[in-house]
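Structure, as structure tokens:
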Amino acid sequence: MAIYLDGNKVALSGSITFNNVVELTQQGIDLMDSHCQIIDLNEVTEVDSSAVSMLLEWLRIAKTRKLDLHFVHLPENLSSLLKLYGLSEIILPT
């Protein structure tokens, strides 16, 4: 799994699982600022339910920093988890 700056967005690639979610969450928080409010999950290959908690934590931190965070290119399995947990309206792009 990798998380990196790609222009004006934070991009993730690989898998997001219980094994790496704590580290990824902190790295994402460290990269989030007023110039980088888009999280691109286009290259994410695998997720489990821990990915949902990571996105929620990022939204919480963004709110405290008065940032308008947007998630783009969510993998279908992550979108399905968000729908299952009733979080589609909070996280999924409009």
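The values are calculated or read from the model by the stated rules, or taken from the named source; none is laboratory data. Model, not experiment: these values are computed from the prediction. Note that we place each Cβ from the backbone using ideal geometry, even for glycine, and neighbour counts take in every protein chain shown.
Scan region 72-94 for residues that are among the aromatic types (Phe, Trp, Tyr) and over 11 Å from Val52 (Cβ atoms) and report the count. Even if it seems obvious, please write down each step before you answer.
Taking region 72-94 first, the residues among the aromatic types (Phe, Trp, Tyr) are 85.
Those left that are additionally over 11 Å from Val52 (Cβ atoms): none.
Residues meeting the conditions: 0.
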query: Looking at this structure, is Asn42 modelled with pLDDT of 95 or more and more than 9 Å from the chain's Cα centre (by Cα)?
result: yes
message: Could you check region 80-91 and list, in sequence order, the residues that are in a helix (DSSP H, G or I) and surrounded by fewer than 16 Cβ atoms within 10 Å (Cβ to Cβ)?
response: Ser80, Lys83, Leu84, Ser88, Glu89, Ile90
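Could you pull out the residue among Asp30, Asp6, Asp40 that is out of contact with any helix residue (DSSP H, G or I) (no Cβ under 8 Å at 6 or more places or on another chain) and free of Cβ contacts under 8 Å to residues at least 24 places away in the same chain? Spell out how you get there, then give the answer.
Details: Asp6 fails: free of Cβ contacts under 8 Å to residues at least 24 places away in the same chain; Asp40 fails: free of Cβ contacts under 8 Å to residues at least 24 places away in the same chain.
Exactly one of Asp30, Asp6, Asp40 is out of contact with any helix residue (DSSP H, G or I) (no Cβ under 8 Å at 6 or more places or on another chain) and free of Cβ contacts under 8 Å to residues at least 24 places away in the same chain, namely Asp30.
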